[in-house]
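What follows is a single structure, written as structure tokens, with notes after it.
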Amino acid sequence: MSDHIASVLTQLAANQPAARERLFELLRIPSISTDPAFAKDCQTAADWLVADLASFGINAASRPTTGHPMVVGKVDGPEGSPHVLFYGHYDVQPVDPLNLWDRDPFDPELQDGPKGKVIRARGSADDKGQLMTFVEACRAWQQVHGALPCSITFFFEGEEESGSPSLIPFMKDNAEELKADIALICDTGLFDDNTPAITTMLRGLLGEEITIKGPNRDLHSGHYGGAAINPIRVLTRILAGLHDDQGSITVPGFYDGVPEITPEQRDAWQRLGFDPEAFLAAVGLNTPAGEQGRSTLEMIWSRPTCEINGIWGGYQGDGFKTVLPAEAHAKVSFRLVGTQDPHAIREAFRAYVTENLPPDCTVEFKGHGAGPASVMDTAHPIFATMKEALTDEWPNAAAYIGAGGSIPIAGYFKTILDMDSVLAGFGREEDAIHSPNESYALESFEKGARSWVRLLGKL
């Protein structure tokens, strides 16, 4: 390891107590983007990041949008050095159900976890802790060397957890300013506790909210039951028909653009030693429920899905009320792969629902996002450089993996800015992102920052 990297790693270690406190300050800000009641907190988080970047010489600003602000910072590196853009998001998921949290979600604490110390708070792993690994790496480099080794654009979003409605317009309006040689995204995870990963496949995401309406008011089930249509019965029948007995999705044209993985990918995934039984056992399950004849890794990395995320209607309070409801509601999401067209699938899904309505029922739809899948070109030389940097830091060699989640920004970087992305993050399965008691391993926070230092040095 070169002296210019070693000296920064030493400085990073000395900074760790202050780095944790800085992260705690950011975690205390309840920047829930999907709830308008927290709009001021999102602005506060953006302002906090601007001030923190400025504290070690980054020219940064909070940039207004029609929603929550973007944070953009810029620093020039030596002439001829690469230009990288680092992306993260400062907004977080809602905390409901609050009663399942062991402590205040916005009162961060360093706790003992099953595998070591963890930082417990909403946003600790998704994505504030991950975002700050890169910031802390840059801070330590600046402190040691007085300048960063390459040109860097910092790009922090405040609406990732609410569909990013302002992102595309902002990127199009500021394309020249944002364009770089490559984008770095830290919103993914390790393959396992000792194996770092570079995610090269991301599923796209499409969300639909449907409301089926029947009678013009809630009805007494004794007076009208049997004679009047029940929207919940209609809704559940339609939803149940979205999958056949083999686990395949029945929406017409749904599989258009879905590729098969290559033999090389299948061999590489088999060598990872993934344990599907342990994967499901960790959440109290034992039987894969997706398309029959597919491996579990295929199901979560390379196959599309249709999931019912919420369903409601009628009386839901304590006790019992014999009501025949006027409306029934559901939220349905689709994870997409390959070249599946989210807009075509939206139209096909709406047509499927509409065609299955009985007389006396109508339907209303509300769309939630429509992002395509992303596949990274690992021929770009920075992939090998990143793989080497991660391998230098972690016990096992870094692996190229797929991911079941959706990070639309990677696709937007390609389609809007013509820029490839490297996705490397340090989350773990037990972090429980989007769930109560979210956490981020202290080791991930510390070794994540060290990993970015190694990459900066190699650049």
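Remark: for residue pairs 74/387; 40/128; 213/331, the C-alpha separation exceeds 23 Å in 74/387. Site pair residue 307 and residue 181 shows an inter-label distance of 3.8 nm when each label is modelled 7 Å from Cα along Cα→Cβ. Straight-distance candidates among the lysines for linking to residue 115, with alpha-carbon spacing under 17 Å and chain neighbours fewer than 8 residues away dropped: 447. The residues 213, 172, when put in order of fewest to most other Cβ atoms within 10 Å, stand as 172, 213.
Using Cβ point charges alone (K and R +1, D and E -1), the dipole size of the chain about the Cα centre works out to roughly 320 debye. Counting only alpha carbon atoms, the long axis of helix 231-240 and the longest principal axis of the chain meet at about 60°. Between the listed residues 261, 396, 342, the Cα displaced farthest toward the positive end of the dipole of the chain, a dipole computed from Cβ unit charges relative to the Cα centre, is found at 342.
With the charge dipole of the chain set up from +1 on Lys and Arg Cβ and -1 on Asp and Glu Cβ about the Cα centre, the Cα lying farthest toward the positive end among the listed residues 207, 124, 445 is that of 207.
Calculate how steeply helix 442-458 sits against the longest principal axis of the alpha-carbon atoms of the chain, using the helix alpha-carbon long axis, and give the answer as 0 to 90 degrees to the nearest 10. The answer is roughly 60 degrees.
Distance distribution note for segment 328-430: the fraction of Cα pairs above 16 angstrom is 69%. With all pairs of different C-alpha atoms in the average, the Kirkwood value for the hydrodynamic radius of segment 127-208 is 15.6 Å. Around the Cα centre of segment 1-80, unit charges on the Cβ atoms of Lys, Arg, Asp and Glu (plus for the first two, minus for the last two) sum to a dipole of about 180 debye. The distance from the alpha carbon centre of segment 23-64 to that of segment 271-292 is 38 Å, rounded to a whole number. Averaged over residues, the count of other Cβ atoms within 10 Å places the peptides 223-230, 338-345 in the sequence 338-345, 223-230, highest first. Think of each Lys and Arg Cβ as +1 and each Asp and Glu Cβ as -1; about the Cα centre, that makes the dipole of segment 372-453 roughly 140 debye. Of all DSSP bridge pairs formed entirely within the chain, close to 70 percent run antiparallel.
The fewest-to-most ranking of 301, 101, 312 by surrounding Cβ atoms within 10 Å reads 312, 101, 301. Counted over the chain with a bin width of 20 Å, the fraction of Cα pairs per bin, in whole percents, is 23, 54, 20, 3, 0. The distance separating the Cα centre of segment 294-310 from that of segment 375-439 comes to 19 Å.
Working note: Karplus 6.51/-1.76/1.60 with θ = phi - 60° gives segment 17-27 the couplings x, 5, 5, 4, 5, 4, 4, 4, 4, 5, 5 Hz, where Gly and Pro are set to x. Across segment 322-332, coupling constants 3J(HN,Hα) worked out from phi with the 6.51/-1.76/1.60 Karplus curve, θ = phi - 60°, read 7, 10, 9, x, 7, 9, 9, 9, 8, 10, 10 Hz, and Gly and Pro carry x. Projecting the Cα atoms of 95, 46, 61 onto the dipole axis of segment 45-111, where Lys and Arg carry +1 and Asp and Glu carry -1 at the beta carbon, places 61 farthest toward the positive end. Near the amide H of residue 400, within less than 5 Å, lie the amide hydrogens of 198, all on another chain or at least 5 residues away, with H placed in the peptide plane.
Taking Cα atoms only, the orientation of helix 128-145 departs from the longest principal axis of the chain by about 10 degrees.
Footprinting exposure proxy ranking of 318, 47, fewest other C-beta atoms within 10 angstrom first, gives 318, 47.
For n ≥ 4 DSSP H runs only, could you compute -39500 (n - 2.57) per run for the chain, divide by its residues and tell me the 222 nm figure to the nearest 500?
-10500 deg cm²/dmol
Proximity of backbone amide H atoms, modeled 1.01 Å from N, is registered between residue 219 and 324, 326 at under 5 Å, excluding neighbours fewer than 5 places apart on the same chain.
Residue-wise HN-Hα couplings along segment 64-81, as the Karplus relation 6.51 cos²θ - 1.76 cosθ + 1.60 with θ = phi - 60° gives them from phi, are x, 9, 6, x, 7, x, 8, 10, 10, x, 8, 9, 8, x, x, 4, x, 7 Hz; Gly and Pro carry x.
Coordinate-derived values only; no laboratory data. All values derive from a computational prediction rather than experimental measurement. Backbone-built Cβ (ideal geometry, glycine too); neighbour counts: all protein chains shown.
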